[in-house]
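> If you scroll down you'll find the structure; I have some questions about it.
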Amino acid sequence: MNRPAPTSRPTSWWRSALERRATRMHAYAPAGAPLRFESELEHRAAQKFFNAAFRAEESGIHQAHELADTVRSWDPELAEVLRLYGNEEGWHRELLTEFLAELGGQIEPMGRVTRTFYKVYARAKRMDTIVLTNLMFETIGSTTYRMALGNVSEPAARRMLTILTRDEAFHVPLNVHFLRRVLEREPAALPRLRRLYQLLFASLVLLPLASRPKARAFDRIETRDLMRAYALELGRLFSREHDLDLSPPRALLWLLGISRRELAHGAAHSPTSVEAAEQAVEREDVSVTAL
Ligand SMILES: [Fe+2]
Ligand SMILES: [Fe+2]
């Protein structure tokens, strides 16, 4: 039996939300006092953490604007939504550039694993592939920011993390909307996307093995905790979108001790839900809770 698709919003809803948000993108306000870290190790790890965030934003703006150009001929309103969405990532990139300077760091070359990921992603040509990949990147980004917020006490770093967490909470369901529009146009892509979802799921859940040695001294998130949180949030992404039938690799969930019930149970309260997007439209009204 086919269950109905979950709550969704029309493209016009996303457009007006993004237009309202665009009027409130302010310039970076410097901390006013030097940032304080307990050790040089923590300071260095913070630079690495925000470097990774910078790369994610850079890739986000690039892909969103390219997609906007592709989509314009068949859905100008969706193209506008993509353009405005890319602008938010561009704003994050600017904020992070200034914040990195304040951290006494700079934009560094990517590590081997990150470079490989972005290289493969930048080469993707199919719209559905780009949108699904981006959605999954947004999900692990917002999960990492949220968990870091639970552990980081440095006030300026917390302010930066709060902005990013709030906005990514809006971007995840927005990307679910993109995916649905693209699939409406090309339903035959779904079987391929199911395979891609499983492949990306496994690769992204393993990513903390590469990121933890670099950033843990700053965000204090343990490897297994981050792997489990990635699996949980990536798994929850489609746990209510029954019609898409995108299901995560069972063996991996089992290894990380995640039951189907846990996936379904938290989905309505998950930061990735449409309800969360509605609450996140007005940035100023969002209270950010750590995972
Ligand atoms: Fe962002
Ligand atoms: Fe984003």
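Just so it is clear, none of the values below were taken in a lab; they were calculated from the coordinates. This one's a predicted model, so the numbers in the text were calculated from it and none came from an experiment. Note that we place each Cβ from the backbone using ideal geometry, even for glycine, and neighbour counts take in every protein chain shown.
> Under a Cβ-only charge scheme (Lys and Arg +1, Asp and Glu -1), can you give me the dipole magnitude of the chain about the Cα centre, in debye to the nearest 20?
It works out to roughly 980 debye.
> Just check the stretch 5-117 against the gyration tensor rule for me: Cα atoms, a ≥ b ≥ c as the square roots of the eigenvalues, rounded for a/c under 1.5, and otherwise prolate or oblate depending on whether a/b exceeds b/c.
The shape class here is prolate.
> Highest mean first, how do 78-86, 165-173 rank when packing is the count of other Cβ atoms within 10 Å averaged over residues?
Numbers: 78-86: 21.4, 165-173: 24.7.
Highest to lowest by the protection proxy: 165-173, 78-86.
> Let me ask another. What value does the stretch 78-119 have for Rg/Rh, both radii from Cα atoms and Rh as Kirkwood defines it?
Dividing the radius of gyration by the Kirkwood radius yields 1.12.
> Can you give me the angle between helix 208-219 and the longest principal axis of the chain, using Cα atoms only, in degrees from 0 to 90, rounded to the nearest 10?
The angle comes out at about 40 degrees.
> How do 133-141, 213-221, 65-73, 115-123 rank on mean C-beta neighbours within 10 Å, highest first? Provide the component values of the computation, followed by the final result.
On the way: 133-141: 22.9, 213-221: 19.9, 65-73: 15.9, 115-123: 13.4.
For the peptides 133-141, 213-221, 65-73, 115-123, the packing ranking is 133-141, 213-221, 65-73, 115-123.
> While we're looking at this one, here's another question. Using only C-alpha positions, report the orientation-averaged shadow area of the convex hull of the chain, nm², one decimal. Write out the running numbers ahead of the final one.
Numbers: hull surface 58.1 nm².
Over all viewing directions, the chain projects a mean Cα-hull area of 14.5 nm².
> Quick one: helix 190-206 against the long Cα principal axis of the chain, what's the angle to the nearest 10°, folded into 0 to 90?
The angle comes out at about 20 degrees.
> Once every DSSP H run of n ≥ 4 in the chain is given -39500 (n - 2.57) and the sum is divided by its residues, what mean residue ellipticity at 222 nm do you get, rounded to the nearest 500 deg cm²/dmol? If you can, show how the numbers build up before the last one.
On the way: 12 runs with 201 residues, N = 291.
Rounded to the nearest 500, it is -23000 deg cm²/dmol.
> Please compute the contact order of the chain in relative form: average sequence separation of alpha-carbon pairs under 8 Å and at least six residues apart, divided by the residue count, as a percent.
Value for the chain: 24 percent.
> What shape does the stretch 156-222 take by its C-alpha gyration tensor, where a ≥ b ≥ c are the square roots of the eigenvalues and a/c under 1.5 counts as rounded, a/b above b/c as prolate, and the rest as oblate?
Oblate, because a/c is 1.5 or more while a/b does not exceed b/c.
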